[in-house]
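Worksheet: one structure, shown below.
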Amino acid sequence: MEHFLLLKTGKEYFPLIEDVLQMLLGTHSVQENENILLVRFSNGNKSEIIDTIHSLEEDLNTLISLYISTYDCLEEVNLIYSLFSKANHDTYDFKSLLIKSKRIKHSKDILEFILNKTGVTEEIILAMAKNDLNVSKTSSMIYMHRNTLLYKIDRLLQLKSFDLKSFYDVYILMKLIYS
């Protein structure tokens, strides 16, 4: 499985950060663009990476923004890059970056990426929101068998970690629909 992380800080710190990540992650590839460092890696512990970056922040007395990929899919890089470049200093995952972004470019592409191969549609998301996340009411409203709807909801949760029975997740999806 290949994952990636994005780091945003001053370019003068990139060589040191690359060396530390080399020791932590082993083999990886690196690309620099503006003040963002893209690191692709195959193995690594998320919490260990976050702790290491926070230690580097303290040692270097600088701010480092961090995004760690959520999915085993490099398509995510292109969708997230512009959002991350405008993000404030923080540590992000896919959902937190979407929720904290004021304007989301390519929102339809991001929504398509999330819904791809799950069977969930915008109609289902809107119906769930309208019915206060109630599966039975939603299935009646959209004329879909309740078990079919539950299967699609479960598939979205398994593949993309978005739960249509969670207000937070439905809010993010609604934000993408209306952006």
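May I ask you to give the percent of accessible area on the stretch 1-133 that is carbon plus sulfur, with a probe radius of 1.4 Å? Numbers along the way, then the final one.
Working: 3250 of 6990 Å².
Carbon and sulfur: 46 percent of the exposed surface of the stretch 1-133.
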How big is the dipole moment of the stretch 4-149 about its Cα centre under a simple scheme where the beta carbon of each Lys and Arg is +1, that of each Asp and Glu is -1, and everything else is neutral? Debye, nearest 20, please. 880
Estimated [θ] at 222 nm from DSSP helical runs (n ≥ 4, -39500 (n - 2.57)) normalised by residues in the chain, nearest 500: -16500 deg cm²/dmol
Compute the long axis of helix 46-60 from its Cα atoms, compare it with the longest principal axis of the Cα atoms of the chain, and write down the angle in degrees, 0 to 90, nearest 10. 40
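Order Thr121, Thr9 by their accessible area, 1.4 angstrom probe, all chains in place, largest first. Could you put the intermediate results ahead of the total?
Details: Thr121 60, Thr9 10 Å².
Descending order: Thr121, Thr9.
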Quick check on the stretch 48-88: take the gyration tensor over C-alpha atoms, sort the square-rooted eigenvalues as a ≥ b ≥ c, and tell me if it's rounded (a/c under 1.5), prolate or oblate. oblate
I want to make sure I understand the PRE zone here: with the label point 7 angstrom from the Cα of Lys102 toward its beta carbon, which residues in the stretch 32-58 have backbone N atoms less than 13 Å away? none
For Asp163, what charge total do you get from the other residues with a beta carbon under 11 Å from its beta carbon, if Lys and Arg give +1 and Asp and Glu give -1? +1
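Checking the a/c ratio against 1.5 first, then a/b against b/c, what shape does the Cα gyration tensor give for the stretch 75-138? Walk me through the numbers before you get to the answer.
On the way: a/c = 2.82, a/b = 1.88, b/c = 1.50.
The shape class here is prolate.
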Rounded, prolate or oblate for the stretch 126-175? Axes are the square roots of the Cα gyration tensor eigenvalues, ordered a ≥ b ≥ c, and the cut-off for rounded is a/c under 1.5. oblate
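If contacts are Cα pairs under 8 angstrom and at least 6 residues apart, what is the relative contact order of the chain in percent? Before the final figure, lay out each step's value.
Details: 222 pairs, mean separation 33.4, N = 179.
Here the relative contact order equals 19 percent.
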Give me a comma-separated list of calculated 3J(HN,Hα) values for the stretch 161-168, in order, Karplus coefficients 6.51, -1.76, 1.60 applied at θ = phi - 60°, integers in Hz, x for any Gly or Pro. 6, 10, 10, 6, 9, 10, 4, 4
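The values are calculated or read from the model by the stated rules, or taken from the named source; none is laboratory data. Source: prediction; values computed, not measured. Reconstructed Cβ throughout: ideal geometry from the backbone, glycine too, with neighbour counts over all protein chains shown. Ligands, DNA and RNA are stripped out before the accessible areas are found, and what is left, the full protein with its side chains, is counted by its heavy atoms. Shrake-Rupley method; radii C 1.70, N 1.55, O 1.52, S 1.80 Å.
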